[in-house]
Structure formats: structure tokens, C-alpha cells
Amino acid sequence: MRDSPDRKREEVEAALHVNLERAREKYEKRKHEAAEMAGITEGTLGSADGTLAARELTQRQQAVREALDEYRSAMRAFADFVVHDKLPTED
């Protein structure tokens, strides 16, 4: 039977890994959505729909940046714990 510190470490690592995967999936989804909108925007430049599409693209690009920041933060927390035994801080 494993002792409690090992079990606790595994639980923390598993939770951080789940968080990392969720952040990665969110980032990939937002990146795909922005790429689709970029294609739509390109086809509507010079029209009223193009202006609206450009605004939407800007918002989607911001969502990609935010998702990337979350992904980086999750990677940092996971790596800090696995490599340095540093527990994540509450934000």
C-alpha cells in the first residue's frame, strides 16, 4: 500500500494534467474558430459584412490570446509541480 504523500502527489499531478488538457483543448478550439473567421473575413473585405467580420475576427483573435495565456499558465503549473515539486498558487 502506498503512503499518503505519494497518493496526494498523484492526485495533485492528475488534477493539474486535467487542467492542462482542458486549457489545450480550449486554445485549439479558439485557434480553429479564429482561422475560420479569417477565411470568412477575407472573402468579405470591402463590404459592410466585411467590417462586421473584421470586428468578429478581432474578438476571436483576442479569445485565442486569452486561451493561450491560460494554456501557458497551466503548462507552467504542471511543469513546476512535476519538475520542482512546487504547488500551484490560488489565483
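Residue check, R55 against (1) touching a residue at least 40 places away in the same chain (Cβ under 8 Å); (2) out of contact with any Phe, Trp or Tyr (no Cβ under 8 Å at 6 or more places or on another chain); (3) among the basic types (K, R), all met but one. Which one?
(1)
Within the range 49-80, how many residues are more than 30 Å from R9 (Cα to Cα), among the small types (G, A, S) and at pLDDT 95 or above?
Total meeting the criteria: 1.
Restricting to the range 59-91, name every residue that is among the β-branched types (V, I, T), over 13 Å from the mean Cα position of the chain (by Cα) and surrounded by 13 or more Cβ atoms within 10 Å (Cβ to Cβ).
Matches in the range 59-91: V82 only.
With the structure loaded, tell me whether E21 is touching a helix residue (DSSP H, G or I) at 6+ places or on another chain (Cβ under 9 Å), of a type in the set (D, E) and either crowded, with 16+ Cβ neighbours inside 10 Å or over 30 Å from T89 (Cα atoms) (or both) or whether it fails that test.
In short, no.
Among (1) part of a helix (DSSP H, G or I); (2) more than 19 Å from P88 (Cβ to Cβ); (3) not hydroxyl-bearing (S, T, Y), which single condition is D6 missing?
It fails just one condition, (2).
Out of (1) at pLDDT below 90; (2) of a type outside the set (S, T, N, Q); (3) part of a helix (DSSP H, G or I), the odd one out for G46 is which?
Going through the list (1) at pLDDT below 90; (2) of a type outside the set (S, T, N, Q); (3) part of a helix (DSSP H, G or I), G46 breaks only (3).
Return yes or no: is R55 under 17 Å from K26 (Cα atoms), of a type outside the set (S, T, Y) and part of a helix (DSSP H, G or I)?
So R55 does not fit the description; no.
Confirm whether E28 is of a type outside the set (A, V, I, L, M), exposed (fewer than 12 other Cβ atoms within 10 Å of the Cβ) and in a helix (DSSP H, G or I).
Against the criterion (of a type outside the set (A, V, I, L, M), exposed (fewer than 12 other Cβ atoms within 10 Å of the Cβ) and in a helix (DSSP H, G or I)), E28 does not qualify.
Could you grab me the full set of residues in the range 58-91 that are among the polar types (S, T, N, Q) and not in a helix (DSSP H, G or I)?
T89
Mind listing whichever residues of the range 33-43 are more than 20 Å from the chain's Cα centre (by Cα), surrounded by fewer than 13 Cβ atoms within 10 Å (Cβ to Cβ) and either of a type in the set (D, E, K, R) or modelled with pLDDT of 85 or more (or both)?
Residues satisfying the conditions are G39, E42.
The values are calculated or read from the model by the stated rules, or taken from the named source; none is laboratory data. Here the structure is a predicted model, which is why all the values come from computation and not from measurement. Using ideal geometry, Cβ is built from the backbone for each residue, glycine included, and neighbour counts are taken over all protein chains shown.
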